[in-house]
Every structure is written in C-alpha cells, then in structure tokens.
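Asker: Supplied in structure tokens, the structure appears directly below.
Coordinate-derived values only; no laboratory data. Just so we're clear, the structure is a prediction, and the values are computed from it rather than from any experiment. When we count neighbours, we look across all protein chains shown, and the Cβ atoms used for this are built from the backbone with ideal geometry, even at glycine.
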Amino acid sequence: MTIGERLAADLRGALAAEHVEVVDQSDRHRGHAGALEGGHYDATIVSARFAGLGLVARHRAVYAVLGDLRERRIHALVLQTFTPEEWRARGR
C-alpha cells in the first residue's frame, strides 16, 4: 500500500468520509530540500463531520487523524475539505 493509499484509507475511516482523493505530487518537487524528508500530497476530503466547522477546525480534524506527518513520510499536505452539501454544490 502506498503512502497516498494509506492516507486515503485512514481519512475515510476516521472521518466517515464519503469521498477522499489523495494525489501524490512528489514528482513536482524533486530537488526541493524538503522532498528528502517525505512526499508532497494533495488531499480532497468530503465528510459530514466538517459541518459547522471553519477551515482551521477542519484542517485540525484531519491532522488529528494523521498524527505526526514526519512519521508518515509526508513533507507537505495540501487540503481541500468539504461537507457533502458543499461538494454537491460544486457539481461533484
């Protein structure tokens, strides 16, 4: 299982997410000093648990699930977090 697949599975399970997509962007960051510490990932997460939470609280919820990013070999993580209603309003 890749790091991205593990991230997606952990997020899906812990946040009861109806949609999780994790894209490994590490190839775009080759040569970047931080790339030696871990990969670069973009994650889109759709969960009803984000309802009523602001952006910072949503991101904190994600980080609470993931724990220490260094231990997971992640250097950078870009998050997009949506409630199911917000996701559908975007035409998804």
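Asker: Among the residues of region 1-27, how many are of a type in the set (S, T, N, Q) and under 15 Å from TRP87 (Cα atoms)?
Answerer: 0
Asker: Can you list residue pairs whose Cβ atoms sit under 9 Å apart, with the first residue in region 64-87 being under 11 Å from GLY39 (Cα atoms) and the second being in a loop (DSSP other than H, G, I, E, B) and of a type in the set (A, V, I, L, M, F, W, C)? Count only pairs 6 or more apart in sequence or on different chains.
Answerer: Partner pairs satisfying both residue conditions: HIS75/LEU69; ALA76/LEU69; LEU77/LEU69.
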